[in-house]
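This report concerns only the one structure given below.
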Amino acid sequence: MTPPRNHSIPRGPMDAPDPAGPEPSDWAVEFAARHDVRLRLEAPLPEDVPGYKYDDNEGPVVVLNAAMPPERRHFALAHEVAHILLGHGDELEEGEELEANRLAAELLLPTERFSREAWQPLRELKRLFPHASHEAIARRRLAFVPGVLTIVDDGRLTRRLVSEGFAAPPHPAPFEWGLIERAFETRGDLEEEAEGLRLSAVFVDEGRGVARVLLLAEGDEPAA
């Protein structure tokens, strides 16, 4: 992403954190160093801008929205680094955002390790990969475990994503909604089987003032 309109790019020392704001996590610092980019946290940025990149005379710089939770900043960092690795310019062409998202998922949760653990429950995957959000982990899981991911925020459907080759209707079935509603009521994790699918609902409160349930409905065999 390019810098937001009407947003000035800082030209001072790049690595000095704002003493009044959060500092980058150890994971973010190590990731940025490994990919030879410099990293800043900055606020305020527009709420819909997780981060952006630019180049100066010392190389690429990634700026992240300091107001976001660390896990969201981590995906934004991986996304901007993906643009750099793919050689994308400031004016993105059609399909380049999707291309960057795919590479970002691999950078954040590498196949070599994640594929061995993908069948673990979502809560366990979060323990194994604490730098990634529940949503990023659940989305990545779809690449290895055939199924459908439904995300509901404050009782409203936010996203419904399906593994390649997995058949699912565009909206949750009544038995899916039933488990989602019970997860909201209990503010906990629930599992059951229905219609030949394994259902697992995970309640998440990430401190953003939003109550979220992620529902995974999955088949029996790993994706090819």
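Odds and ends about this structure:
- Once the Cα atoms are used to define both axes, helix 96-108 deviates from the longest principal axis of the chain by about 80 degrees.
- Based on Cα atoms of the chain, Rg over Rh with Rh as the Kirkwood radius reads 1.00.
- Mean Cβ neighbour count within 10 Å, used as a protection proxy, ranking 29-37, 128-136, 77-85, 93-101 highest first: 77-85, 128-136, 29-37, 93-101
- Sites Asp56 and Leu128, calculated FRET efficiency, Cβ-Cβ separation with R0 30 Å, nearest 0.05: 0.25
- Kirkwood-type hydrodynamic radius, region 26-107: 12.8 Å, calculated from all non-identical alpha-carbon pairs.
- Nearest-20 debye value, region 110-218 charge dipole, Cβ charges on Lys, Arg, Asp, Glu: 420 debye
- Degrees separating the helix 174-186 axis from the principal Cα axis of the chain, which is the longest one: 70 degrees
- Sequence-distant residues sharing a close amide H with Ala211 (under 5 Å, placed H): Asp154
- What separates the Cα centres of region 85-108 and region 155-177 is a distance of 26 Å.
- Value of relative contact order over region 110-218, rounded to a whole percent, pairs C-alpha under 8 Å and six or more apart: 24 percent
- Between the helical axis of 70-85 and the longest alpha-carbon principal axis of the chain there is an angle of about 60 degrees.
Read-outs: derived from the displayed coordinates by stated rules, not from any lab. Owing to the predicted nature of the structure, the values given are computational and were not obtained by experimental measurement. Every residue, glycine as well, gets a Cβ built from its backbone with ideal geometry; the counts of neighbours run over all protein chains shown.
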